[in-house]
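First the structure, in the form of structure tokens, and then the observations on it.
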Amino acid sequence: MTFSLVACDPERRECGVAVASKFLAAGALVPFAAAETGAVATQAAANVRFGPDGLRLLAEGSSAEATLQRLIGGDEGRDERQVGLVDRLGRSATYTGSACFDWAGGRSGPAYAAQGNILVSRSTVDALAETFEATGGPLADRLLVALAAGQAAGGDRRGQQSAALLVVAEAGGYSAGTDRLVDLRVDDHPAPIAEIERLYELHSLYFGSTPPDEWLDVDDTLAGELRTRLGRLGHASGDLAVDFESWAGIENLEERVSGVEHIDHVVLLQLRKAA
């Protein structure tokens, strides 16, 4: 009752899953990923043990195909299952049981596995795969573009309800204290993929990064502007660094701030919008 794309980027060392379904909170059941290990999507009559068990086998060095065979080989309900796996080296595998509801099937390629069931047609899986292959950039971007393409090609033939995006990278998350680089879910929404895209834009604003060489030097003119705008917002202690960091923390932009000698142009734009 779902379509998904599982993928890894061995060069960026990112792994993740994008999923959409006419099913409540598909993100709670389908996607699994572990940094430096791989990713798994389990769906149809989902065996949720495929997630943790698959990641454990991948972490032990099993390939995606070998892991898949281990998972379905020990599952009496395999005919009703669907699963996709990718390991950290980019080896992939997908499986669709013979009892899954039409249209059901999958397609795998270098560093990805696409699969779906109860689809309008195989065009959804083809769109997932071909769009992913043709798209560059961070893994989260590629997964979202492919997911939208899958929906545009037909998607779940019952309609839309939920979507999720999970991407992991070692120490890639908030303040480098978590491996969850992106972890977004829309559990019940008439247009869940569009909503995930909106949330991802916010995620990129708050937790994204601008290359240091693109930051702006804070000269006397810009420092004066910062003081004026911060003062309008109630941050007027007289210490520009304190006021700037205080405002940024309140606005959840602290990940984009490092002193006040230089400023991320994204943060400057948000301050100008606010004041």
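Values as computed for the structure displayed
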{"quantity": "Criterion: farther than 18 Å from residue 19 by Cβ, out of contact with any Pro (no Cβ under 9 Å at 6 or more places or on another chain) and either charged (D, E, K, R) or free of Cβ contacts under 8 Å to residues at least 12 places away in the same chain (or both) - qualifying residue of 70, 91, 122", "calculated": "70"}
{"quantity": "Test for residue 201: is it modelled with pLDDT of 95 or more, among the acidic types (Asp, Glu), assigned by TED's automatic domain parsing to the domain that holds residue 104 and surrounded by fewer than 14 Cβ atoms within 10 Å (Cβ to Cβ)", "calculated": "yes"}
{"quantity": "Count of region 65-80 residues which are touching a helix residue (DSSP H, G or I) at 6+ places or on another chain (Cβ under 7 Å) and not polar (S, T, N, Q)", "calculated": "4"}
{"quantity": "Helices (runs of 4 or more DSSP H) wholly inside region 191-275 containing at least 3 residues that are of a type in the set (Lys, Arg)", "calculated": "220-232"}
{"quantity": "Qualifying residue in region 84-100 (condition: over 22 Å from residue 49 (Cβ atoms), among the aromatic types (Phe, Trp, Tyr) and touching a helix residue (DSSP H, G or I) at 6+ places or on another chain (Cβ under 8 Å))", "calculated": "no"}
{"quantity": "In region 1-60, the residues that are in contact with a helix residue (DSSP H, G or I) (Cβ under 7 Å, 6 or more places away or on another chain), without any contact (Cβ under 8 Å) to a residue 40 or more places away in the chain and either of a type in the set (D, E, K, R) or not assigned by TED's automatic domain parsing to the domain that holds residue 191 (or both)", "calculated": "53"}
{"quantity": "Criterion (modelled with pLDDT of 95 or more, touching a Phe, Trp or Tyr at 6+ places or on another chain (Cβ under 6 Å), in the same structural domain as residue 35 (by TED's automatic domain parsing) and not acidic (Asp, Glu)) met by exactly one of 116, 105, 109", "calculated": "116"}
{"quantity": "Residue that is nearest to residue 181 (Cα to Cα), among those in region 207-224 that are modelled with pLDDT of 95 or more and buried (at least 16 other Cβ atoms within 10 Å of the Cβ)", "calculated": "215"}
{"quantity": "Close pairs from region 235-262: first touching a residue at least 40 places away in the same chain (Cβ under 8 Å) and surrounded by 12 or more Cβ atoms within 10 Å (Cβ to Cβ), partner in a loop (DSSP other than H, G, I, E, B) and of a type outside the set (Asp, Glu), Cβ under 9 Å, at least 6 apart", "calculated": "255/208; 255/209; 256/208; 256/209; 256/210; 260/218; 262/215; 262/218"}
{"quantity": "Among (1) free of Cβ contacts under 8 Å to residues at least 12 places away in the same chain; (2) assigned to a helix (DSSP H, G or I) - the single one residue 178 does not satisfy", "calculated": "(2)"}
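Every residue, every condition in (1) closer than 14 Å to residue 165 by Cβ; (2) surrounded by fewer than 24 Cβ atoms within 10 Å (Cβ to Cβ); (3) modelled with pLDDT under 95, yes or no:
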residue	(1), (2), (3)
1	no, yes, yes
4	yes, no, no
18	yes, no, no
23	no, yes, no
28	yes, yes, no
31	yes, no, no
36	no, yes, no
43	no, no, no
52	no, yes, no
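The values are calculated or read from the model by the stated rules, or taken from the named source; none is laboratory data. What you see is a predicted model; the values in this text were computed from it and never measured. In this analysis, Cβ positions are derived from the backbone assuming ideal geometry, glycine residues included, and neighbour counts consider all displayed protein chains.
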